[in-house]
């Protein structure tokens with residue numbers, strides 16, 4: 001389950017049911033939403049943006065926060081996904097995996113997620129973060145390195 005909380009009021013808002021997918025390891029949020037905006041039902045608090053989740057089985061899911069629905073599920077890695085991060089514009093998701101790879105995907109069309117680039121470490125990748133406004137990635141690995149990538 002992905003539980004949504006309003007931290008200002010310290011209140012539970014809603015949840016998104018992901019029981020059909022493998023265990024969730026990490027998630028990231030984006031205020032951008034490239035896929036169409038739909039009105040939530042009258043009893044749901046409108047929340048714009050999306051959420052990406054990295055899973056134990058090497059898959060990535062992308063969720064529409066407003067509709068509380070999973071829009072995409074793709075098995076991108078051969079090892080568990082330990083880190084996920086959106087680019088500053090919300091278009092790209094980087095996923096870090098125990099398969100030693102960082103995969104950057106274009107989420108502009110959630111019905112056809114495109115792999116744009118694959119970056120490699122010498123051992124398990126344990127985290128990945130996009131710079132807040134530059135097209136740079138930072139990753140850490142079990143190979144005892146931290147790398148800054150310019151994936152353009």
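From 42, 19, 55, 32, which residue is under 26 Å from residue 106 (Cβ atoms) and at pLDDT below 90?
Values: 42 fails: under 26 Å from residue 106 (Cβ atoms); 19 fails: under 26 Å from residue 106 (Cβ atoms); 55 fails: at pLDDT below 90.
On inspection, the qualifying residue turns out to be 32.
Taking the residues in the stretch 67-82 that are within 13 Å of the chain's Cα centre (by Cα) and within 15 Å of residue 128 (Cα to Cα) as candidates, determine which candidate is surrounded by the fewest Cβ atoms within 10 Å (Cβ to Cβ).
82
Only one of 71, 60, 119, 138 is without any contact (Cβ under 8 Å) to a residue 12 or more places away in the chain, on the phi < 0 side of the Ramachandran plot and part of a strand (DSSP E or B); which? Before the answer, list the steps.
Working: 71 fails: without any contact (Cβ under 8 Å) to a residue 12 or more places away in the chain; 60 fails: without any contact (Cβ under 8 Å) to a residue 12 or more places away in the chain; 119 fails: without any contact (Cβ under 8 Å) to a residue 12 or more places away in the chain.
When all the criteria are applied, what remains is 138.
The values are calculated or read from the model by the stated rules, or taken from the named source; none is laboratory data. Keep in mind that this is a model prediction, so the values were computed, not measured. Neighbour counts are summed over all protein chains in view; Cβ atoms, including those assigned to glycine, are modelled from backbone coordinates with ideal geometry.
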